[in-house]
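Take a look at the structure below.
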Amino acid sequence: MREYVRFSGNQKVHRVIGECLDVLGWAMLPILVMILLFTYVFRVATVQGDSMLPTLEDTDKLLICELKRRPDPGDIVIINAEDAVLISKDGSLTVGEGLHKSIVKRVIAVGGQILDIDSDAGIVYLNGEPQEELYTNTITQLPDLDSAFCYPFMIPEGFVFVMGDNRDISMDSRYKEVGLVPEASIEGVVLVRVYPLESVGIVE
């Protein structure tokens, strides 16, 4: 009778390989989750220009959330300003030529709110209430010519009115080149500044 011997070393090798694969699988899971999050939920955007001073500075890098939701007044958002939506004299909405680029601005009013701007006093009113905008570095004034809207007016549902915090130089909803922003054109809400390192933190 011929005898066969099975070496236990092979079992140990197979067990070690299996354990290594298990560890590798668990190690890869967080990486896979991060890839999915940064593909479908988060992305990084870079500020260009000074229209959001003093809140945001040129070249700041921001983590934004791309999940669609209705923004709130005060949210800082990234907008696809491809088109500019205006209100004609008969009250209908018209679509004009936009800036053809993404911009970062602060939501001032949302659909259903009545917005007024007292250019002489530099005060913004929402539903008749003056707003204490501590994030701005200048008062709010309207363009001398070609203002996009007549104030006060109600923001149509599905749209938002945005302005930069640096009101003197910001090209925003006060101007015909931007106008009202459809909620569908909001690419994301700014969450955190991730660069420069000394300024990392939640953006408000």
From the alpha carbon gyration tensor of region 85-204, can you work out the equivalent ellipsoid semi-axes (sqrt of 5 times each eigenvalue) and give them in Å, largest to smallest? 24, 18, 14
Let me check against my output: what whole-number percent is the relative contact order of region 44-197, with C-alpha pairs under 8 Å and at least 6 apart? 32
For a protection proxy built on the mean count of beta-carbon atoms within 10 angstrom, sort 95-106, 160-171, 191-202 highest first, please. 160-171, 95-106, 191-202
Calculated FRET efficiency, R69 and H100, Cβ-Cβ r, R0 22 Å, to nearest 0.05? 0.30
Within region 119-158, GluC sites (Glu not before Pro) in DSSP loop having at most 12 other beta-carbon neighbours inside 10 Å: E132, E157
Arrange R70, R15 by Cβ neighbour counts within 10 Å, fewest through most, would you? R15, R70
Net charge of neighbours whose Cβ lies under 14 Å from the Cβ of L142, counting Lys and Arg as +1 and Asp and Glu as -1: -4
For region 62-142, with the dipole built from +1 on Lys and Arg beta-carbon atoms and -1 on Asp and Glu ones, taken about the Cα centre, which of L134, G122, G112 lies farthest toward the positive end? G112
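Computed from the coordinates by the stated procedures, all read-outs in this text should not be read as laboratory data. No experiment lies behind these values; they were computed from the predicted model shown. Don't worry about glycine lacking a Cβ; one is built from the backbone with ideal geometry, like all the others, and counts go over all protein chains shown.
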